[in-house]
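What follows draws every value from the coordinates through simple rules; no lab data is involved. Computed from a prediction, not measured in an experiment: that's the story for all the values here. With ideal geometry, Cβ positions are generated from the backbone for all residues, glycine too; neighbour counts draw on all protein chains shown.
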Amino acid sequence: MANVILKNVTKNFGKFIAVKDMNLDIKDGKFVTLVGPSGCGKTTTLRMIAGLEDITSGELRIGGKFSNYIQPKDRGISMVFQSYALFPHMTVAENIAFGLKIRKVTRDTILKKINWVLDLLDLTGLDSRRPRELSGGQRQRVALGRALVLDPEVLLLDEPLSNLDAKLRSKMRTELKRIHRKLGSTVVYVTHDQVEAMTLSDEIAVMNKGFLMQVGPPLEVYDKPENKFVAGFLGSPPMNFIPVDLAKDNSKFCLDAKDFKILIPDLKADKVKKNAKIGEELVFGIRPEDIIRIEKAKDVHQGNKIETIIDVIEPMGSELILSLTIGKHIIQASFVPDAHLKVGQKLTVVLDTNKIHLFKLDNEKAIF
Amino acid sequence: MSKTHKTLKKDSNKWIWLIGMVIMIIIILGPIYMMFKYSISDRASVVTGGAVIPLWPYQPTTEQFGGLLENKSFINAAFTSLGIALLTVCISLVLGAPAAFSLARYKIPGKALIMILLISVRLFPDVVSVIPVAETFIKLRLTNNIFGVSLAHTLLAIPYVIYIAMGVFETIPKELEEQAQILGASKLYAFFKIIIPIALPGLAAAAIYVFLLSWNEFIFSYFLLLFGESTTLPVLLKKILSWSPQHNLLAAISVMLSVPVIIFTFIVQKYMQAGATAGAVK
């Protein structure tokens, strides 16, 4: 098992800069996910680690070794492509044995390893089938098996679950987590699905337009986003953003959203003083699950009452997503199911002041 | 329109289609049948045209085929043609497939020009292009031997091989090679173990085409073997034609000419299974 370090890694395709000055430290045995919208550079970064793309500038170290110019097969990595890339003219067993045969492993060892991986991935009995005779989930597991059988130092996975249906996807998520725990390999995982990123990773690296926006454990990146992009990317339904002006109410800071006001708790006042001026336009953020119905609010929240009207109700089964209008603003809130709520009804809500976020308008950095 | 009128019209449409189909079949299969009929005709049938309706000889006989199979020059010509055709298939595939692969996969400067130059050989009538080729081959001492003729046939066949093979390679996903590369395969290993097996159906089609081209080729075979002792079947056929032989002999030779091609096609057909890349990528 090895660690992977990217230092100031940049990738240009002609004039287009796909990855800009990326610094990432993937520790030995950790499961790190590169997540972001399409075109953010996550697959390009993965391919650079694999050796399928040249690194324009910067340093890549795998297991401490400078690896920019090392061939993919000598980097100690294994990769599973989004499309699986199974060899169609070979059986499952031949596919899995392909890499071992090249390394001139003995026949007995090959058979042993094939059986081990078939058992690990619940593929027993399928060894003489061809890819076209397998289901999507089975193909994906064969591709994974082909990668695992080589005992890679680093396992690279490029959106391996995106071609599976929702039910199979969640089943395979659990499987992947179990296999990671069992084998303890270093995993670099690429996905655009933030749910996968949150549930599978030891650390999430959020990317956008070639930049690394934030990296950290899932809950940390979720609760303490360092910028507006990360705040809006993680979480479903996404965080509500409202443009506000910084104002003063008596001696406290408050955020003026024209239709309502939000008092800033004393704890955060210092941060506000350091980073913003009175009258400055800022962006206020609050997650749907941090909007609380007044009936369920505790005393400490009472300072931030907001009168809303219910516009749309989306019952999800386990929760209720409401679109609430406040004057010209619309925010989304997530509540426990309640059949008594009706469209057009007035609803008073309170915000969890520990969970409010504030971002600068120009560089979108978080003030808190 | 009344109901009966409509039904009548439908029926008459059906009949017109049926008659049309029968006419088409007669036009296509007619000559082939006539050729077969003449090849098994006895002398009397050739002269008078056969039984009352000239569709079957008086006394079908295989004497023409027997005669040919005993004829030394015919057998020699047949083996020469076969050898040249098989050699041409080998050379043009061995040279053409890797070339097609590079053209399909890599950004080569001037690729468009190369493609046009490849096709340009076939833009001229064979009668015209044989002159410079024969001249060059005489200087290189490539005339009057099987290898020289195969080389000339390769010249004619390679553009087709490259175009067909390029099309085939372009449908093979690049990710298969990348995956092979990551698993430790060298480019050559990946080419022979992954790319070629998948491309086999397309290459088999190209092989059949090349065999056909070489087997039936006349002009280059004629000029390049002119002063030698061997000849190919098409050239032999032309020589025989000059004596105005009986129809039954000519027909028998034509039937014999088509047999190896049919056999070769049957053999190679088994590589042309559909769905060669099925299941490779989603």
Which residues qualify? For residue A:31, with a placed amide H closer than 5 Å and at least 5 residues away or on another chain, they are A:187, A:202, A:203
Label point distance in nm, residue B:16-residue B:34, each placed 7 Å from Cα along Cα→Cβ: 2.9 nm
Calculated from backbone phi, Karplus (6.51, -1.76, 1.60) coupling profile of segment A:180-194 in Hz, x at Gly/Pro: 4, 5, 6, 8, x, 6, 7, 10, 10, 10, 10, 7, 9, 8, 6
Which angle from 0 to 90°, rounded to the nearest 10, does the C-alpha axis of helix A:92-102 make with the longest principal axis of chain A? 70 degrees
Quick check: Cα centre of segment A:305-340 to Cα centre of segment B:155-183, how many Å? 57 Å
Once fully extended, how much extra length lies between residue A:116 and residue A:66, figured as 0.36 nm per residue of separation less the alpha-carbon to alpha-carbon distance? 14.7 nm
Rounded to 0.05, the calculated FRET efficiency for the beta carbons of residue B:26 and residue B:124 at R₀ = 35 Å is 0.40
Taking a crude spin-label model, label points 7 Å out from Cα along the C-beta direction, the residue B:62 to residue A:195 distance in nm is 7.3 nm
When only C-alpha pairs under 8 Å and at least 6 residues apart count, what is the relative contact order of chain B, in percent? 27 percent
Dipole axis of the protein assembly as shown (+1 Lys, Arg; -1 Asp, Glu on Cβ), positive-most option in B:83, B:61, A:367: B:61
I need the shape label for chain B. Rule: rounded when a/c is under 1.5, else prolate if a/b > b/c, else oblate, with a, b, c from the alpha carbon gyration tensor. oblate
Going residue by residue through segment B:115-123, the Karplus relation 6.51 cos²θ - 1.76 cosθ + 1.60 with θ = phi - 60° gives ³J(HN,Hα) values, rounded to whole Hz and with x marking Gly or Pro, of 4, 5, 4, 4, 6, 4, 4, 8, 6
Ignoring everything except DSSP H segments at least 4 long, calculate the 222 nm mean residue ellipticity for chain B; use -39,500 (n - 2.57) per segment, divide by total residues, nearest 500. -24000 deg cm²/dmol
Listed with the fewest Cβ neighbours within 10 Å leading, A:103, A:146, A:287, B:141 appear as B:141, A:103, A:287, A:146
For residue A:311, list long-range residues whose amide hydrogen, built 1.01 Å from N in the peptide plane, is under 5 Å from its own amide hydrogen. A:323, A:324, A:325, A:344
Modelled FRET efficiency - R0 30 Å, residue A:312 with residue A:271, Cβ distances, 0.05 increments: 0.30
For chain A, calculated [θ]222 nm from helices alone, where every DSSP H run of n ≥ 4 adds -39500 (n - 2.57): -7500 deg cm²/dmol
Point-charge dipole on Cβ atoms (K/R +1, D/E -1) for segment A:240-360, about Cα centre, debye to 20: 400 debye
If amide hydrogens are placed 1.01 Å from N in the peptide plane, which non-local residues have theirs closer than 5 Å to the one on residue A:210? A:41
Once the in-chain neighbours fewer than 8 apart are removed, the aspartates and glutamates whose Cα is under 14 Å from residue A:42 read A:21, A:53, A:158, A:159, A:193
Any idea what the relative contact order of chain A is, in percent, if you count C-alpha pairs under 8 Å spaced at least 6 apart? 16 percent
Principal-axis tilt of helix A:107-120 within chain A, Cα atoms, nearest 10 degrees: 30 degrees
Could you state the number of Å between the C-alpha centres of segment A:3-62 and segment A:220-255? 29 Å
Report ³J(HN,Hα) in whole Hz for each residue of segment B:147-157, in order, from the Karplus equation J = 6.51 cos²θ - 1.76 cosθ + 1.60 where θ = phi - 60°; Gly and Pro get x. 4, x, 5, 4, 4, 5, 5, 4, 4, 6, 8
Within a 10 angstrom radius of the beta carbon, how do A:316, A:239 rank from fewest other beta carbons to most? A:316, A:239
If neighbour count is taken as other Cβ atoms inside 10 Å, put B:127, B:89 in order from fewest to most. B:127, B:89
How far apart, in nm, are two points set 7 Å out from the Cα along the Cα-to-Cβ line at residue A:247 and at residue A:209? 3.2 nm
Mean separation of Cα pairs under 8 Å and 6+ residues apart, divided by the residue count of segment B:63-167: what relative contact order is that in percent? 48 percent
Rounded to the nearest Å, what's the spacing between the alpha carbon centres of segment B:218-265 and segment A:112-138? Just the number, please. 56 Å
Projected onto the charge dipole of chain A (+1 at Lys/Arg Cβ, -1 at Asp/Glu Cβ, origin at the Cα centre), which of A:343, A:117, A:310 gives the Cα projection farthest towards the positive end? A:117
What is the magnitude of the charge dipole of segment B:123-205 about its Cα centre, with +1 placed on the Cβ of each Lys and Arg, -1 on the Cβ of each Asp and Glu, and no other charges, expressed in debye to the nearest 20? 280 debye
Positive-end residue, the protein assembly as shown charge dipole about Cα centroid, Cβ charges, pick of B:22, B:93, A:147: B:22
